[in-house]
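Worksheet: one structure, shown below.
The values are calculated or read from the model by the stated rules, or taken from the named source; none is laboratory data. Every value quoted in this text rests on a predicted model; they were computed, and no experiment measured them. Neighbour counts are summed over all protein chains in view; Cβ atoms, including those assigned to glycine, are modelled from backbone coordinates with ideal geometry. What goes into the accessible areas is simple: the full protein's heavy atoms, side chains included, and nothing from ligands, DNA or RNA. Shrake-Rupley method; radii C 1.70, N 1.55, O 1.52, S 1.80 Å.
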Amino acid sequence: MSAAQGTEAGAGRAAPELAEARSHIEAVQFEQAQRLLEAFLATEDGPAQRVEALYMLAVAQRYGGKPDQALRTLEQLLDLRPDYPRAYQERGHALLALNDPQAAERAYLEAVNLNPALAASWRKLAEMRRAAQRDREAAAAERQLEFLNRLPRELLAVTNLIHEQELYKAEQVCREFLQAHKHHIEAMRLLADIGLRMGIYDDAEFLLESCVELAPEYLPARIDYLNILIRKTRFAAALEQARILLAEQPDNPALRTSLATALVGLGEFDEGIRTYQSVLEHHPDNYQVWLLLGHAHKTVGDLPAAIASYRRAYELKADFGDAYWSLANTKTYRFSDEEIDQIEIQQRHPQTSTDDRIHLSFAAGKAREDRAEYAAAFAHYERGNDLKKRQVRYDASQIERRVEAQMQTCTADLFQRRAGVGCPRPDPIFIVGMPRAGSTLLEQILASHSMVDGTMELHDILALAQRLRGRTAERSGRYPAILQDIDAGYLQRFGEQYLENTRVYRGDAPFFTDKMPNNFLHVGLIRLILPNARIIDARRDPMACCFSNFKQLFGEGQEFSYGLERKVWPATTGPSIT
């Protein structure tokens, strides 16, 4: 990689000092660049500017023959941006300069996991694997490098923007490319990826479904389609796609794993578990599959088998944080002294990825809490929450605006004017509220009745709200205001579609539960499309609920939970949802 390439991520930023430092690096004036950047960092507090300056400083230090200093600078950078892909790539370069190829390979792998478009990392991985005579792995890296070389320049830029979390800019560039190149499959795949990252799942699904229809033989698009179907818990459709793909690649372990996940999602637990086990017969070192097998065992109540699977996962990967957290999340497992030592060693290890470090921190917190070591437990929870908060970049103002919009739109007058609309079926029982407020217990109580089927946290209402919100949600404010004027026929069809789509998760009982807690933001929508549905608001003592959230690492969403900052809400006499 050239010095100019090394500063690619910072191109186009406004600070004149950074532009000058970049010029010094490109002119091979590394000492001058280092002095300028150190002076800049001494006064600059802006996180984005500091990330760029630290990255450029590490590049200058490495090119200036100081790779050890570069590594220390990169630690500061990753403390600010734990998910910054180019920092891991630069770490790999610095570790190679220090003749530590094993650690360098781990860094390059972390870089491409975060951004698969980093050609320099793939090139180094291919070279190192060839040198170690690991030809199969080297060939895989070379294939990815060839794919990147074939990708149009605009789409390569889009890929980098996506993984640098510049999603709106990536979307703009991708859409401009698609206007000039209609039905370009890779561009459509990238736009679907952007939609997925923005939480616009319906758009992403539609794009990938279109890719499959336009190029049914192109397996990468179908695999992406399968993955988003699983993400949306559309397990029946996912099962169909998995079987189509397995007809082409019957020995593909990733596809067989997806098949098992779909089966478990549909309640076909025995067959799903057998499928996971069949994958492990041929790939016994796949720690991710051991984790999924553990989840399946836990779901059917076989806790000893789940624990054994989780243990096997961390035995195969010592820093596999998700395995330790899954053990902690059984709520009854107690870690041994040796396990706690291992967790805390891996938590501090410089090569442990950010995601693993987050999981390890929450697991360590639970382990210490179970031993009544509360100060140590809180320190671990605080560290895990701090890392997670920086990773998700939660913006409380977005939720504030959405809540305020709901209060302004969903008034008693709205429901009076729209009385009699929607699907009249009374089947659903929605359990909403804060996570950790008791929704699972409420569902278990209800599902113990012969007339009620328990399901899961269904995503259908959230997906409908996203569809109504549109692609420019925060800018246009279309939803929930659209509920004032939307045609009554649509509201009835939305309710009927919800019942149809959720049928696969039900048995024969006349009623069923949907315990997605985040549906609290869409109670107005629910009342309009399913006016006879029951809605239960689960509540718990605020201190207990908030602290329980703070101790919980959620699989997805609930970004508001990763901090204990107090929010003082202004007094309001405005309308409320009833």
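A few comments on the model shown:
- Residues of segment 215-235 that are in a helix (DSSP H, G or I) and surrounded by fewer than 15 Cβ atoms within 10 Å (Cβ to Cβ): 220 alone.
- Residue pairs whose Cβ atoms lie under 9 Å apart, sitting 6 or more positions apart in sequence or on different chains, and linking a residue in segment 398-419 that is over 11 Å from residue 483 (Cα atoms) to a partner that is among the basic types (Lys, Arg) and open to solvent by 50 Å² or more (accessible area, probe 1.4 Å), are 400/567.
- Pairs linking a residue in segment 377-392 that is free of Cβ contacts under 8 Å to residues at least 40 places away in the same chain to a residue that is among the basic types (Lys, Arg) and part of a helix (DSSP H, G or I), with Cβ atoms under 9 Å and 6 or more positions apart or on different chains, are 377/366; 377/368; 378/368; 379/368; 380/366; 380/368; 383/357.
- Enumeration of residues in segment 306-357 that are free of Cβ contacts under 8 Å to residues at least 24 places away in the same chain and among the small types (Gly, Ala, Ser): 308, 309, 336
- Residue 365 meets the conditions (1) at pLDDT below 95; (2) under 24 Å from the mean Cα position of the chain (by Cα); (3) at negative phi in every case but one. The failed one is (1).
- Selection count where residues are part of a helix (DSSP H, G or I), open to solvent by less than 20 Å² (accessible area, probe 1.4 Å) and hydroxyl-bearing (Ser, Thr, Tyr), scope segment 52-91: 3
- Any hit, segment 331-353, residues being in contact with a helix residue (DSSP H, G or I) (Cβ under 8 Å, 6 or more places away or on another chain), modelled with pLDDT under 95, open to solvent by 30 Å² or more (accessible area, probe 1.4 Å) and part of a helix (DSSP H, G or I): no
- Condition met for residue 110 (open to solvent by 70 Å² or more (accessible area, probe 1.4 Å), at pLDDT 90 or above and assigned to a helix (DSSP H, G or I)): no
- In segment 553-578, the residues that are more than 23 Å from residue 354 (Cα to Cα) and β-branched (Val, Ile, Thr) reach residues that are modelled with pLDDT of 60 or more and in a loop (DSSP other than H, G, I, E, B) with C-beta atoms within less than 8 angstrom, at least six apart or across chains, in these pairs: 577/410.
- Restricting attention to segment 354-378, the residues being open to solvent by less than 60 Å² (accessible area, probe 1.4 Å) and of a type in the set (Ser, Thr, Tyr) number 2.
- Taken together, the residues in segment 550-562 that are open to solvent by less than 20 Å² (accessible area, probe 1.4 Å) and assigned to a loop (DSSP other than H, G, I, E, B) amount to 4.
- Boolean, residue 514 is of a type in the set (Asp, Glu), open to solvent by 30 Å² or more (accessible area, probe 1.4 Å) and under 26 Å from residue 540 (Cα atoms): no
- All conditions but one from (1) under 20 Å from residue 113 (Cα atoms); (2) modelled with pLDDT under 95 apply to residue 172; the one that does not is (1).
- Among the residues of this structure, residue 547 does not count as one that is touching a residue at least 40 places away in the same chain (Cβ under 8 Å) and either open to solvent by 30 Å² or more (accessible area, probe 1.4 Å) or not in a helix (DSSP H, G or I) (or both).
- Close pairs (6 angstrom Cβ cut-off, 6 or more residues apart or separate chains): assigned to a helix (DSSP H, G or I) in segment 5-34, modelled with pLDDT under 75 anywhere: 22/7; 25/3; 25/7; 26/3; 26/4
- Here segment 481-505 is the region considered, the condition is being touching a Leu at 6+ places or on another chain (Cβ under 9 Å) and more than 20 Å from residue 410 (Cβ to Cβ), and the residue that is least open to solvent (accessible area, probe 1.4 Å) is 502.
- Unique match (being open to solvent by 50 Å² or more (accessible area, probe 1.4 Å) and either under 30 Å from residue 176 (Cβ atoms) or at pLDDT 95 or above (or both)) among 125, 156: 156
- Note on segment 303-325: residues that are over 20 Å from residue 386 (Cα atoms) and open to solvent by less than 10 Å² (accessible area, probe 1.4 Å) amount to 5.
- Criterion (surrounded by 18 or more Cβ atoms within 10 Å (Cβ to Cβ) and at pLDDT 95 or above) met by exactly one of 242, 141: 242
- The number of residues in segment 243-289 that are farther than 15 Å from residue 230 by Cβ, assigned to a helix (DSSP H, G or I) and of a type outside the set (A, V, I, L, M) comes to 11.
- All conditions but one from (1) touching a strand residue (DSSP E or B) at 6+ places or on another chain (Cβ under 6 Å); (2) not in a helix (DSSP H, G or I) apply to residue 520; the one that does not is (2).
- Within segment 264-283, the set of residues being among the aliphatic types (A, V, I, L, M) and over 26 Å from residue 503 (Cβ atoms) comprises 279, 280.
- Filtered residue count, segment 246-262, keeping only those that are open to solvent by less than 20 Å² (accessible area, probe 1.4 Å) and over 23 Å from residue 285 (Cβ atoms): 1
- None of 511, 550, 494 is within 24 Å of the chain's Cα centre (by Cα), at pLDDT 90 or above and not hydroxyl-bearing (Ser, Thr, Tyr) except 550.
- Each residue in segment 128-138 was checked for being aliphatic (A, V, I, L, M) and either open to solvent by less than 40 Å² (accessible area, probe 1.4 Å) or in contact with a helix residue (DSSP H, G or I) (Cβ under 6 Å, 6 or more places away or on another chain) (or both), and 2 of them qualify.
- Residue match in segment 38-51 (condition: in contact with a Ser or Thr (Cβ under 9 Å, 6 or more places away or on another chain), at negative phi and surrounded by 21 or more Cβ atoms within 10 Å (Cβ to Cβ)): no
- Restricting segment 170-214 to residues that are among the charged types (D, E, K, R), within 20 Å of the chain's Cα centre (by Cα) and closer than 28 Å to residue 52 by Cα, the residue that is surrounded by the fewest Cβ atoms within 10 Å (Cβ to Cβ) is 197.
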